[in-house]
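Here the structure comes first, spelled out in structure tokens, and everything after it is commentary.
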Amino acid sequence: MHDKIKPINRRAIPAVNKVLDSLGDITSPNGTDLPRPLIVDFVRRELSRIRKAGKIPEFESIVEHIRQCLNEFRSQRLQPVINGTGIIVHTNFGRAPLAASAGEAVRQIASSYNNLEYDLVGGGRGRRGNYVEQSLALVCEAEAATMVNNCAAALVLIVRHFIGGRRAVGAEKSDTTARVPPKEIIISRGELVQIGGGFRIGEILEASGAKLREVGATNKTTLADYARAIGKQTAIILKVHRSNFFMSGFVESPASAEIAALARKKRVPFIEDLGSGAMIPTEQLGLHEHEPTPNESLKNGADLVSFSGDKLFGGPQAGIIAGKKRFISALKEEPLFRALRCDKLTFAALQATVDLHLRDATAEIPAVALLQIPKDELRSRAAAIVERLRGLPLQIAIGRGVAKIGGGTLPKSIVPSVAIDILPPNCVLTDFSALLRQSVPPIVGYIANGRFKLDLRTIFPEQDDIVIDSIREACAKISTQA
């Protein structure tokens, strides 16, 4: 005979108000309170979970668990982070930091009304983004340019247009009309890259309604491969720059100019996706690896080129498209363009960033400036930081850093850098790293060769004092816990 399961005493589950009173003010170290409705919702959901579980923990453990969950949730609020990883265009950290003038432009536009679609001369409705588009065309040396909310969106818009938009995917057809075969996108197998977050170029293109016509092999694609693939269903030839990986050894790929010449002969549009948005020859930045620029692609014969605004271009997240005016105009007529267009804040930041490129003031763009900091300058800062931290119960020294571009850009390039190497006593390195992530603002470094490291190339000089204070506070917490 089975024992009867005793139902829990639901009256023993604490009331919501009792838990709220015990929690008190859920305030972060920087004084940010969580909205009360959010706290109430967390409490209710936790009490509901206990009710379903059939086991009531001690009241104190309930409160402590909810407090911990709320603190973890608060850490997900968008906030500034000090980047000590040495990765300049860090996708997880919002990619390229904006220039000061771009940040100020965003602040001004965000907090006031603006002329986003108003003609100040004529006094009526105006064109959105006209200034930015003309400026982008000039900096790219293109007939015309436009932008959407990211580079993947730019590819989707381009593909949707050239395969015929809604008609190409059979959205409208009579019962007597056979379905039109989907238009084909010719692309090399060696360029079907996977970008951040698990998204694959091939899947993005197929989601647009296109059929991929893969040519060549993973490591070798010839011009003849492209020529054999061109047929009546060819919509475009697409070349995707391998910006986040490289191949070496038995490798072959035709130059963009060769593909462009073939496309022109066959009357097929040739599109090149560059991704990184480098506007300056990367050799001028002290990098040995060359990154194609939009200007180069267009001079080599591409009809359209797309790239990211928030990588080496140094602006906000955006997908910039430049090239033939007739194609740009057609893209802007697509219904999908409205769904993918940028908002006023993106326009503000992009406008300020483009102005810096046109004024030859790229030294004011952080993503470019960080690459060019002399190693001696970093070493001098490191020496000052180490000196100010002397006397703390930890081993600290000037170490070697190896910075990277990041953001799926120039994967072979590394930039010599300088790091602060820390070995805290009586503390696991992962725990020390976690303590600095709890600082205000959070500080993120990395662990290598048995040391916790902070690369100074991606830490701005004005943040040095914050880093020093946070390390001191972390040491104090370690001493208290010991």
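Quick notes
- For Glu334, solvent-accessible area (1.4 Å; no DNA, RNA or ligand), Å²: 40 Å²
- Net length gained if the chain between Leu120 and Arg36 were fully extended (0.36 nm per residue, minus Cα distance): 25.9 nm
- Accessible surface, the chain, averaged per residue in Å² (probe 1.4 Å): 53 Å²
- Shown in residue order for the range 374-382 are the 3J(HN,Hα) couplings computed by the Karplus curve 6.51 cos²θ - 1.76 cosθ + 1.60 at θ = phi - 60°: x, 4, 5, 5, 5, 5, 5, 5, 4 Hz (x for Gly and Pro).
- Two-decimal Rg to Rh for the range 284-331 - Kirkwood Rh, Cα set: 1.03
- Over the C-alpha atoms of the range 199-291, the Rg to Rh ratio, Rh being the Kirkwood estimate, stands at 0.98.
- Here the Debye sum runs over all C-alpha atoms of the range 233-354 as equal scatterers in vacuum, and log10 of I(q)/I(0) at q = 0.12 Å⁻¹ comes out as -0.51.
- With Cα atoms, 0 to 90° folded angle of helix 100-110 axis to the chain main axis: 90 degrees
- Gyration tensor over the Cα atoms of the chain: the corresponding equivalent ellipsoid has semi-axes (square roots of 5 times the eigenvalues, largest first) of 46, 32, 25 Å.
- For the chain, share of DSSP beta bridges that run antiparallel, in % to the nearest 5: 60 percent
- For Lys311, no residue has an amide H sitting under 5 Å from its own, ignoring neighbours fewer than 5 places away on the same chain, with H placed 1.01 Å from N.
- A simple spin-label model places the labels of His290 and Lys375 2.5 nm from each other, with each point 7 Å out along Cα-to-Cβ.
- For the chain, the mean residue ellipticity at 222 nm estimated from helices alone is -11500 deg cm²/dmol, where every DSSP H run of n ≥ 4 contributes -39500 (n - 2.57) and the total is divided by all residues, rounded to the nearest 500.
- Cα gyration tensor, the range 42-104 - rounded (a/c under 1.5), prolate or oblate: prolate
- Helix 130-140 and the long axis of the chain differ in direction by around 70°, with both axes built from C-alpha atoms.
- Classification of the range 308-347 by its C-alpha gyration tensor yields an oblate form. The axis ratio a/c (a ≥ b ≥ c) is 1.5 or more, and b/c is at least a/b.
- Carbon + sulfur, % of accessible area of the chain - ligands and nucleic acids excluded, 1.4 Å: 51 percent
- Along each principal axis, Cα extent of the range 315-409, largest first, Å: 65, 29, 23
The values are calculated or read from the model by the stated rules, or taken from the named source; none is laboratory data. The shown structure was predicted, so the numbers you read here are calculated from the model rather than taken from an experiment. Neighbour counts are summed over all protein chains in view; Cβ atoms, including those assigned to glycine, are modelled from backbone coordinates with ideal geometry. For accessibility, only protein heavy atoms count, side chains too; no ligands or nucleic acids. Shrake-Rupley method; radii C 1.70, N 1.55, O 1.52, S 1.80 Å.
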